[in-house]
Amino acid sequence: MRKYLILLALIFTLSACNFPINSQENDAAQNSTSEASTSTQTPVPSPTPTEIPYAALVNGEGILLDSYTISYGQYMQALENGADLPTDE
C-alpha cells in the first residue's frame, strides 16, 4: 500500500511539471507569439508641445504676452495719474 501512495505522489508531482514535447517547435511558437505581441502594441502618442505666446525676445529670453500686457496696463495707468515720461538718459 505504501508503494502505491509513493507512486501516486510521484505521478501527481510530475504531472505539475511542464515538459516540452518538441523544444524547437515550442521555441518557434514562443518567438512568434512574442513578436506578434510586440508588433500589436499600441504606440504611446507623444505630447504635443504647447506654443508659449511671447510678446518679444530680448537677449534670447522671451517676454510672455501676459506679463507684457500687465506691465503695459500699469504703465498706461501711471501716465494717466500724472507720472512723468521716462527720459533717455
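Looking for whichever is open to solvent by less than 100 Å² (accessible area, probe 1.4 Å), of a type in the set (A, V, I, L, M) and at pLDDT 80 or above here; the options are ALA78, ALA16, ALA29. Which one fits? Break it down stepwise before answering.
Values: ALA16 fails: at pLDDT 80 or above; ALA29 fails: at pLDDT 80 or above.
Answer to the check: ALA78.
Just give me the residues in the range 44-75 being assigned to a strand (DSSP E or B) and surrounded by 10 or more Cβ atoms within 10 Å (Cβ to Cβ), in sequence order. Please lay out each step first, then the result.
In the first step, residues of the range 44-75 are kept if they are assigned to a strand (DSSP E or B); the result is 54-58, 61-64.
Listed by number, the residues that qualify are TYR54, ALA55, ALA56, GLY62, ILE63, LEU64.
List, please: which pairs have Cβ atoms under 7 Å, are six or more places apart or on different chains, and start with a residue in the range 62-87 that is more than 15 Å from ILE52 (Cα to Cα) and end with one that is surrounded by 11 or more Cβ atoms within 10 Å (Cβ to Cβ)?
none
Quick one: count up the residues across the range 41-68 that are among the small types (Gly, Ala, Ser) and in contact with a strand residue (DSSP E or B) (Cβ under 7 Å, 6 or more places away or on another chain).
Looking only at the range 41-68, we keep the residues that are among the small types (Gly, Ala, Ser), and these are 46, 55-56, 60, 62, 67.
From what's left, in contact with a strand residue (DSSP E or B) (Cβ under 7 Å, 6 or more places away or on another chain): 55-56, 62.
Residues in the range 41-68 being among the small types (Gly, Ala, Ser) and in contact with a strand residue (DSSP E or B) (Cβ under 7 Å, 6 or more places away or on another chain): 3 in total.
The values are calculated or read from the model by the stated rules, or taken from the named source; none is laboratory data. This structure is a prediction, so every number in the text was calculated from the model and none was measured. A quick note on method: Cβ atoms are made from the backbone with ideal geometry, for glycine too, and the neighbour counts reach across all protein chains shown. Protein only, heavy atoms only, side chains kept; ligands, DNA and RNA dropped before computing areas. Shrake-Rupley method; radii C 1.70, N 1.55, O 1.52, S 1.80 Å.
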